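A short worksheet on the structure shown next.
The values are calculated or read from the model by the stated rules, or taken from the named source; none is laboratory data. Fair warning: this is a prediction, and the values are worked out from it, not measured in the lab. Don't worry about glycine lacking a Cβ; one is built from the backbone with ideal geometry, like all the others, and counts go over all protein chains shown.
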Amino acid sequence: MICHHYKHALLELAAAGVEPSPELRAQLQACSSCRSAFEHERSLLASIDSCLRSSANAEIPSAFIPTVRAQLQRESPAAPAAHITNPLFWLPAIAAAAIILFIFASQDHGVKSQPTAEQSATQRIESPVAAATTAASPSPATTAPITAAIEKRHASKGVIRPDKNPVPASSSAPEILVPPDQEILLARYADQFRRHHQSSATLLTEVAPDQTAPLQVPLIQIAELDVKPLADTQQDGQQDDLREK
Amino acid sequence: MQELVLIQPGRTAETDLQSGATEAALRREFEERLAECGPLAFRVARSVLRNTADAEDVAQDAILRAYHRFDKLRDRGRFKAWLVRITFRLALDRAKSSNRRQHRETLWSHPERQPALPTAEDLAVANQFRSRLDHAVDKLPEKQRLVLLLSAIEGHTLEEVAALLNIPIGTVKSRLFFARKQLAEKLR
């Protein structure tokens, strides 16, 4: 039986297939059971190797390379896999995408049909130009709900997200992105702009182009001049000269 | 409905000719490499599957895949290693799926029986040692198994295996050592 002390080292030596160290060589010379166990292990590994080699180096079928070459002739080098080019391969993906788009669109439509107070306020904030063109009443207290909504959102989220409450796609008004700290200032500006715009709009409506008439300027009235005769003034002057002399 | 046609404004007959020439050059280069690496791909597949027909299928599939992606291979010198890896991976997949299929068919046809005994033909072809060895090789980790197979195929040296797999020779030695050790333990 193999000596317990050298068993592990001898088996590893056989598996590694290297020359034994002097100590192991001395042990193999001294102990016949160790030597026979070592030889048995080596023969086992040799039979493993030969078995692996015989199965791994099988004869190549004569038709293998010609078949592959023939198939290569039919294929294009950079052609994608056949199933990718097949339209039926993409059909489920396209159908799924269409369903998802439809669901999102219907949800978006439902949300837009019932806008909340906060959403309408936010829409006014997002585009002062658009807000100015709307026919909202020019109440001076308009900024109060806006700032309240903004402050509420600042408290809850901290950041304004314009894409959550988008302006309708049909609107041509531009969206404006502002830093969170300038949001209230922008709301005030939007309100001032709206009031100013509406006052100017009323001025414009009073002077409608079809109501204009030719300008009527009253005739100039010049008061009659009071002309005194010159003779009196000349006599007065001569009398003054005589007095001085 | 108005019909729309997809066109590429920059595409001309000249560019078509150029792409055709490039394609032909690519095919020529690939076929040169195929003569060198095709047998190796077959042998890798055969070592894993132990079936000539399956190995042919898998090797052919691997070569075609390599062909379709050949233009994307930056270092053409690594083609052999690349093909070996593709083949090995496909062969493992095929072996797993065929094992599952065999298991399913066995359960379906003989639900209460143990796995079928080897047929007379099997016994004539393979002895008990070989079947045990095959079973033990199948249980090896994939990395060790690939090194073991490549070192057995076509008499590759350790340096050649290291170059083929692009790993240090020390790694090849250690993987081969652990693989042989595990096989010996199972067959002892």
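Things worth noting here:
- Pairs where the first residue, in the stretch B:149-171, is away from every other protein chain (no Cβ under 13 Å) and the second is part of a loop (DSSP other than H, G, I, E, B) and surrounded by fewer than 14 Cβ atoms within 10 Å (Cβ to Cβ), C-beta under 9 Å, 6+ apart: B:A162/B:P168
- Filter pass, B:A62 being over 20 Å from A:L52 (Cα atoms), part of a helix (DSSP H, G or I), more than 9 Å from chain A (Cβ to nearest Cβ) and small (G, A, S): yes
- Failed item in (1) modelled with pLDDT of 90 or more; (2) over 24 Å from A:S50 (Cα atoms); (3) of a type outside the set (F, W, Y), with B:K139 passing the rest: (2)
- Count of the stretch A:1-55 residues, restricted to those that are of a type in the set (A, V, I, L, M, F, W, C), in a helix (DSSP H, G or I) and within 14 Å of chain B (Cβ to nearest Cβ), is 15.
- Residue match in the stretch A:3-16 (condition: modelled with pLDDT under 85 and of a type in the set (K, R)): yes
- Summed over the stretch B:139-148, the residues that are in contact (Cβ under 8 Å) with a residue 40 or more places away in the chain, away from every other protein chain (no Cβ under 12 Å) and either within 14 Å of B:V44 (Cα to Cα) or among the aliphatic types (A, V, I, L, M) (or both) give a count of 1.
- Restricting attention to the stretch B:18-59, the residues being in contact with a Lys or Arg (Cβ under 9 Å, 6 or more places away or on another chain), within 10 Å of chain A (Cβ to nearest Cβ) and among the acidic types (D, E) number 3.
- The stretch B:152-172, residues that are of a type outside the set (A, V, I, L, M) and in a helix (DSSP H, G or I): B:E154, B:G155, B:E159, B:E160, B:G170, B:T171
- Test: residue in the stretch B:79-92 that is buried (at least 17 other Cβ atoms within 10 Å of the Cβ) and within 10 Å of chain A (Cβ to nearest Cβ): no
- Residue match in the stretch B:49-56 (condition: modelled with pLDDT under 80 and in a helix (DSSP H, G or I)): no
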